[in-house]
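Colleague: The structure follows.
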Amino acid sequence: MVMSFPRQYARTQRFTLGAPRAFTVAPDGSRVVFLRSRGGADRANLLWVRELAPAGGPAPDGGGERAVADPAELLGGADEELSPEERARRERSREGSAGVVAYATDSAVETAAFALSGRLFTADLRTAAAREVPTPTPVVDPRPSPDGRRVAYVADGALRVVDTGGGNDRALAEPEELRGGRRTTWGLAEFVAAEEMDRSRGFWWSPDGTRLLAARVDDSPVRRWWIADPARPGSEPAEVAYPAAGTDNAEVTLHLLDVGGGERTEVVWDRVRYPYLARVHWSAAGPPLLLVQSRDQRGQLHLTVDTATGRTAPLHADEDPAWLDLFPGVPAWTPDGRLVRIADEGGARVLVVGDRALTSAALHVRAVLDVGDDDVLFSASAGPDAPEGSPVGEIAVHRAWFRGSGDQGGWERVSPEGVPHVASAVRGGDTVVLSTSAPDRPGVRVEALRLPETGKGAPTPLAVIASRAETPVLTARPRLLRAGARRIPAAVLLPTGYRDGDGPLPVLMDPYGGPHAQRVLAAHNAYLTSQWFADQGFAVVVADGRGTPGHSPAWEKAIAGDLAGVTLEDQVEALRALAGNHPLDLGRVGIRGWSYGGYLAALAVLRRPDVFHAAVAGAPVTDWRLYDTHYTERYLGLPQERPEVYAANSLVTDEGLSAPAEPHRPLMIVHGLADDNVVAAHTLRLSSALLAAGRPHEVLPLSGVTHMTPQEQVAENLLLLQVAFLKRSLGMA
């Protein structure tokens, strides 16, 4: 019997299980380390090594892949147990798998460290031998020193160090007791850093392995919220330190710690003006490098740290009238001591080394992937000056030169030409592990390549790292295009087997539509759920309007102060533009979304009932005063200073509900009651406001479910319930 797509989608965790990920390449290019489970429905990741032939050398003995760490063997078959700190880390990183979910290596990529069930394990990546290192538990975020002699980790809020072989375990910094039974923590990222800044780390090794930079977090100023499980009234509510917009953040300081003990040195900068510690970089190419931001995120400083005194010195300053984005991989040093950063200059997002931009407006730089001896490996989309007809939704890998033959400027593409795709890469020496997805095939292809010198031919294939992910039971067939006068990136999906002349179809808008999440991608698996909805009888439209990433700085920042108006307007424009040459029945239009997409879906039926006729809003943000500081204040400012902006962008205020009283459109709101990111209060307040306004709606509470909805049965049945609601609401037989 063929498995249904909702069941397969749920049991494979969106077809991510069994796919290789989290790659590390040895600096000599001789081996690749990665995570992968044994199959497409197996949640437990193993740690693997793939041996490669070094440049100019013979093939390795044995070759192929070796499992270095198997959780079932290391835990003796026992079930995995997670500490509250580890659960929080996984929720922040949207990690739904099990087993080895993260690891770190020394600089030679010979030793790896990881945690299982709160216990510390190390693995020799040359011999494929793993062992437990006895330590206090529960262990969080273990990381070997660059020389591989020690492992630093966090346990019970203390930053500790142990010898790699075991022994000499000691605390370098321990939590301080505060009033009310609260304590500081060392070496962990605070909530907004992990949730919004893409900084999941709280400590960093010195290049010589003798010192650590460690974040001390005091979250006692942060307002406490209580998340209860109404289905279990006998259980105590969970306490959450949640920095809602306009309220106090955690106090974060940075300290230099000597591994051998001794005096602790605080790193000093103007934390009143720049309270956010956004990035830390420490390499042999220069002193520690910090990126700190102002609370309004319109100003930021790149600082160098004097490791003898803890004093900082400004290296580069940025200002922007809207906000400054944070990017993966930067800031960093080149080996000859130049600052690498990504900047918005001249209407484009460019790669900058030292005082020179290496790219132009033809590219929209997304991330720095690696800094080499003379080049920078980076990913980029088509920029505002890209040629007409550039692929929609493509993210390619490139490299640009900052010295040697590249001093005359220019860059070259590393990922393939011709077929649109989404790519990322990890490099060690001249070996690159390239991961690519494309619209015409499911899953991700991972290949190890040897990069040639500049201008000397194409990369040389070395090995394919196999995926064990399941093949979806359906095939997505997105039509990628640009819609309307604004050229909004969009995808249209019609039912499998639909033929010209079959007539117009009810429409389902399927957006995220907001910052940080691009939905229109040149990748097959990005459209699997959209294709499944199409196969239920809909024409599905996915549109990335202004505010979404991957186009230009102006495109992303057009939403400043007006999340609601701009993002909703672009969904309407895309819908109407596409109706001109696609079989869209504009008399039957539904919309669904989760998180920001849930906000957009509810917004659509409340403010534009003339366009949208039904909505499913999953975990929607309904009152931006209830969402976190770093995200919300970036776009809307402080609620104390701009209450009218918050009211206009809310769904629960008089302004938010000021849409025409009629017609009332069917709205189903879905929310996990254990959600600590978009708390269930958003949905409860919206439901109360709708009831008071006499607006009919449905609420589906999910007991014990977080923002990720990782449970198989929940994920499967949510799809079935949504399609049933939409068919019923749009009058589909």
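The values are calculated or read from the model by the stated rules, or taken from the named source; none is laboratory data. Just so it is clear, the structure is predicted and the values come from calculations on it, not from any experiment. Because the Cβ atoms are built from the backbone with ideal geometry, glycine has one as well, and the counts that use them run over all protein chains shown. The area values use the complete protein model at the heavy-atom level, side chains included, leaving out ligands, DNA and RNA. Shrake-Rupley method; radii C 1.70, N 1.55, O 1.52, S 1.80 Å.
Colleague: Shape of region 581-733 from its Cα gyration tensor (a ≥ b ≥ c, root eigenvalues): rounded if a/c is under 1.5, otherwise prolate when a/b > b/c, or oblate?
Modeller: Oblate shape, in that a/c is at least 1.5 and b/c is the bigger or equal ratio.
Colleague: While we're here: Let's see if you can work this out: charge +1 on each Lys and Arg Cβ, -1 on each Asp and Glu Cβ, no other charges. What is the dipole magnitude of the chain about its Cα centre, in debye to the nearest 20?
Modeller: Once rounded to the nearest 20, the dipole reads 1260 debye.
Colleague: What relative contact order, as a whole-number percentage, does region 65-143 give when Cα pairs under 8 Å and 6 or more residues apart are counted?
Modeller: Reported relative contact order: 31 percent.
Colleague: Rounded, prolate or oblate: which fits region 92-247 when a ≥ b ≥ c are the square roots of the eigenvalues of the alpha-carbon gyration tensor, with rounded for a/c under 1.5 and prolate only if a/b beats b/c?
Modeller: It comes out prolate by the Cα gyration axes.
Colleague: Subtract the Cα-Cα distance of ARG94 and ASP585 from 0.36 nm times their separation in residues, and report this length gain in nm to one decimal.
Modeller: Full-extension gain reported as 173.2 nm.
Colleague: Are there GluC sites (Glu not before Pro) in region 591-678 that DSSP marks as loop and that have at most 13 other Cβ atoms within 10 Å, and which are they?
Modeller: Passing sites in region 591-678 are GLU641.
Colleague: Would you mind calculating the relative contact order of region 518-655 from Cα pairs under 8 angstrom and at least 6 residues apart, reporting the percent as a whole number?
Modeller: Here the relative contact order equals 18 percent.
Colleague: For the chain, which whole-number percentage of the solvent-accessible area (1.4 Å probe, protein heavy atoms only) is attributable to carbon and sulfur atoms?
Modeller: Carbon and sulfur: 49 percent of the exposed surface of the chain.
Colleague: What percentages, rounded to whole numbers, describe P(r) for region 415-465 computed over all alpha carbon pairs with 5 Å bin width beginning at zero?
Modeller: Bins of 5 Å from zero give 5, 20, 27, 27, 15, 5, 1 percent of pairs.
Colleague: Given H placed on each backbone N at 1.01 Å, which residues far from HIS364 in sequence or on other chains put an amide H within less than 5 Å of it?
Modeller: SER381, ALA382, GLY383
Colleague: Stokes-Einstein at 25 °C, 0.890 mPa s, Kirkwood radius from Cα pairs: D for region 256-347 in µm² s⁻¹?
Modeller: 174
Colleague: Another question, then. Hey, how many Å between the Cα centroid of region 238-268 and the Cα centroid of region 106-182?
Modeller: If we compute the Cα centre of each part, the gap is 20 Å.
Colleague: Place a point 7 Å from Cα of GLU132 in the direction of its Cβ. Which residues in region 8-49 have their backbone N less than 20 Å from it?
Modeller: 44-47
Colleague: For the chain, what is the mean residue ellipticity at 222 nm derived from helices alone (per DSSP H run of n ≥ 4: -39500 (n - 2.57); sum divided by total residues; nearest 500 deg cm²/dmol)?
Modeller: -4500 deg cm²/dmol
Colleague: Also: Label 7 Å along Cα→Cβ of THR247; region 680-711 residues with amide nitrogen under 14 Å?
Modeller: So the set is 680-682.
Colleague: Now for a different question. Please give the direction-averaged projected area of the C-alpha convex hull for region 310-390, in square nanometres with one decimal.
Modeller: Computed as one quarter of the Cα hull surface, the answer is 6.6 nm².
Colleague: With each label point set 7 Å from Cα along the Cα-Cβ vector, what nm distance links ALA733 and ASP258?
Modeller: A separation of 8.3 nm, rounded to one decimal place.
Colleague: Relative contact order for the chain: what percent, with Cα pairs under 8 Å and sequence separation of 6 or more?
Modeller: The normalised contact order for the chain reaches 9 percent.
Colleague: Can I ask one more? Over the Cα atoms of region 508-596, how large are the radius of gyration and the largest Cα-Cα distance (Dmax), in Å?
Modeller: 13.2, 38
Colleague: Let me ask another. Which entry is the computed Cα extents along the principal axes in Å for this structure: [x] 71, 64, 55; [y] 84, 76, 59; [z] 84, 69, 53?
Modeller: [x]
Colleague: At 1.4 Å probe size, with every protein chain present, just tell me what the per residue accessible area of the chain comes to in Å².
Modeller: Using a 1.4 Å probe on heavy atoms only, each residue of the chain averages 39 Å².
Colleague: With a ≥ b ≥ c taken as the square roots of the eigenvalues of the C-alpha gyration tensor of region 166-302, please select rounded if a/c is under 1.5 and otherwise prolate if a/b is larger than b/c or oblate if it is not?
Modeller: Since a/c reaches 1.5 but b/c is at least a/b, the shape of region 166-302 is classed as oblate.
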